[in-house]
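Enquirer: Have a look at this one.
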Amino acid sequence: GAGVSQSPSNKVTEKGKDVELRCDPISGHTALYWYRQRLGQGLEFLIYFQGNSAPDKSGLPSDRFSAERTGESVSTLTIQRTQQEDSAVYLCASSPPGGTYEQYFGPGTRLTVT
Amino acid sequence: AQSVAQPEDQVNVAEGNPLTVKCTYSVSGNPYLFWYVQYPNRGLQFLLKYITGDNLVKGSYGFEAEFNKSQTSFHLKKPSALVSDSALYFCAVRDPTGTASKLTFGTGTRLQVTL
């Protein structure tokens, strides 16, 4: 079946502009996660959704970052007034209900802030 | 707070030889442990997990991992490496006693398999 999809695959933006990144999870997956991966580094947790509520936003690095999710489907991560340090690959993952715990990742959006 | 350490930035092994990629963890309760692989320009792929039960876990592509509670380790192994196994490998942990479901990842180990 279809996996997690993300769009755009690449985004180049000027410093100070806002960007929206989209994630389509696997159908039926109730949990959705956003991570950031800077070049040569591991994954950094940003936010977790269970359904359309976000019980854990602890990883959002500043108030310029926000995310929302519609029901148990699409999620968007918005970065306002982008800075060069926001340049990274943004990865989305989803998990099925039932306590299997593994997360299935999308291909990521590579964001470059110039 | 939960954490994961992958002490080797890179592991080099010849094709046909056994490989080990090391991972140690720190959590307050019994851990849920995972290995993921990342091929160039692709997302992370799930390899295997340990939740409970047998300490030796088998996963995709012939990989396995051994949970060792006393050493707080979860090393990834494969009896015979292939060139196609060359990729970036991430260990991750989830603390089941926490309210969040997030995974905490290590910094990754690059596996290079040569002929």
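Enquirer: Is there a residue being crowded, with 17+ Cβ neighbours inside 10 Å, out of contact with any Phe, Trp or Tyr (no Cβ under 6 Å at 6 or more places or on another chain) and over 16 Å from B:Phe105 (Cβ atoms) anywhere in region B:53-68? Reasoning before the result, please.
Expert: Start the filter on region B:53-68 by keeping residues that are crowded, with 17+ Cβ neighbours inside 10 Å, which leaves B:57, B:59, B:63, B:65, B:67.
From what is left, the residues that are out of contact with any Phe, Trp or Tyr (no Cβ under 6 Å at 6 or more places or on another chain) are B:59, B:63.
Filter once more, keeping what is over 16 Å from B:Phe105 (Cβ atoms): B:59, B:63.
So far as region B:53-68 goes, yes, one or more of its residues are crowded, with 17+ Cβ neighbours inside 10 Å, out of contact with any Phe, Trp or Tyr (no Cβ under 6 Å at 6 or more places or on another chain) and over 16 Å from B:Phe105 (Cβ atoms).
Enquirer: What do you reckon, is A:Thr78 within 11 Å of another protein chain (Cβ to nearest Cβ) and either hydroxyl-bearing (Ser, Thr, Tyr) or exposed (fewer than 13 other Cβ atoms within 10 Å of the Cβ) (or both)?
Expert: For A:Thr78, the condition - within 11 Å of another protein chain (Cβ to nearest Cβ) and either hydroxyl-bearing (Ser, Thr, Tyr) or exposed (fewer than 13 other Cβ atoms within 10 Å of the Cβ) (or both) - is not met.
Enquirer: Here are the criteria: (1) in contact with a Gly (Cβ under 8 Å, 6 or more places away or on another chain); (2) touching a residue at least 40 places away in the same chain (Cβ under 8 Å); (3) among the aliphatic types (A, V, I, L, M). Tell me which single one B:Leu48 does not satisfy.
Expert: (2)
Matching residues to (1) surrounded by 14 or more Cβ atoms within 10 Å (Cβ to Cβ); (2) within 14 Å of another protein chain (Cβ to nearest Cβ):
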{"residue": "B:Gly16", "(1), (2)": "no, no"}
{"residue": "B:Leu47", "(1), (2)": "yes, yes"}
{"residue": "B:Ser73", "(1), (2)": "yes, no"}
{"residue": "B:Leu76", "(1), (2)": "yes, no"}
{"residue": "B:Ser80", "(1), (2)": "no, no"}
{"residue": "B:Val83", "(1), (2)": "no, no"}
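Enquirer: With respect to A:Leu111, is the statement that it is over 19 Å from B:Phe46 (Cβ atoms), surrounded by 22 or more Cβ atoms within 10 Å (Cβ to Cβ) and away from chain B (no Cβ under 14 Å) true?
Expert: Details: over 19 Å from B:Phe46 (Cβ atoms): yes; surrounded by 22 or more Cβ atoms within 10 Å (Cβ to Cβ): no; away from chain B (no Cβ under 14 Å): yes.
Considered against the rule, which asks whether it is over 19 Å from B:Phe46 (Cβ atoms), surrounded by 22 or more Cβ atoms within 10 Å (Cβ to Cβ) and away from chain B (no Cβ under 14 Å), A:Leu111 comes out as no.
Enquirer: Do you know which residues across region B:73-107 are part of a loop (DSSP other than H, G, I, E, B) and at pLDDT 95 or above?
Expert: B:Pro79, B:Ser80, B:Ala81, B:Leu82, B:Ser86
Enquirer: Of everything in region A:85-107, what is farther than 16 Å from B:Tyr36 by Cα and either in a loop (DSSP other than H, G, I, E, B) or out of contact with any strand residue (DSSP E or B) (no Cβ under 9 Å at 6 or more places or on another chain) (or both)? Give them in sequence order.
Expert: A:Ser87, A:Pro96, A:Pro97, A:Gly98, A:Gly99
The rows are residues; the columns are (1) crowded, with 17+ Cβ neighbours inside 10 Å; (2) more than 21 Å from A:Pro97 (Cβ to Cβ).
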{"residue": "A:Ser27", "(1), (2)": "no, no"}
{"residue": "A:Gly40", "(1), (2)": "no, yes"}
{"residue": "A:Leu43", "(1), (2)": "yes, yes"}
{"residue": "A:Ile47", "(1), (2)": "yes, no"}
{"residue": "A:Ser58", "(1), (2)": "no, yes"}
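Enquirer: Turning to a different aspect of this structure: Looking only at region B:18-40, filter to residues that are out of contact with any strand residue (DSSP E or B) (no Cβ under 6 Å at 6 or more places or on another chain) and closer than 23 Å to B:Leu115 by Cβ; which one of those is farthest from the other protein chains (Cβ to nearest Cβ)?
Expert: Among residues in region B:18-40 that are out of contact with any strand residue (DSSP E or B) (no Cβ under 6 Å at 6 or more places or on another chain) and closer than 23 Å to B:Leu115 by Cβ, the one farthest from the other protein chains (Cβ to nearest Cβ) is B:Pro18.
Enquirer: Take A:Thr109 and tell me if it is modelled with pLDDT of 95 or more, touching an Asp or Glu at 6+ places or on another chain (Cβ under 8 Å) and more than 29 Å from B:Tyr50 (Cβ to Cβ).
Expert: Against the criterion (modelled with pLDDT of 95 or more, touching an Asp or Glu at 6+ places or on another chain (Cβ under 8 Å) and more than 29 Å from B:Tyr50 (Cβ to Cβ)), A:Thr109 does not qualify.
Enquirer: For region B:33-45, give me each residue that is surrounded by fewer than 21 Cβ atoms within 10 Å (Cβ to Cβ) and of a type in the set (Phe, Trp, Tyr).
Expert: B:Tyr39
Enquirer: Against the conditions (1) part of a strand (DSSP E or B); (2) within 14 Å of another protein chain (Cβ to nearest Cβ), where does B:Leu111 fall short? Just the number, please.
Expert: (2)
Enquirer: Okay, next question. Among what's in region B:1-36 and is of a type in the set (Val, Ile, Thr) and under 18 Å from B:Lys102 (Cα atoms), pick the residue that is modelled with the highest pLDDT.
Expert: Selected residue: B:Thr24.
The values are calculated or read from the model by the stated rules, or taken from the named source; none is laboratory data. These numbers were taken from a predicted model, which means no experiment stands behind them. Ideal geometry is used to build each Cβ from the backbone, glycine not excepted, and the neighbour counts take in all protein chains shown.
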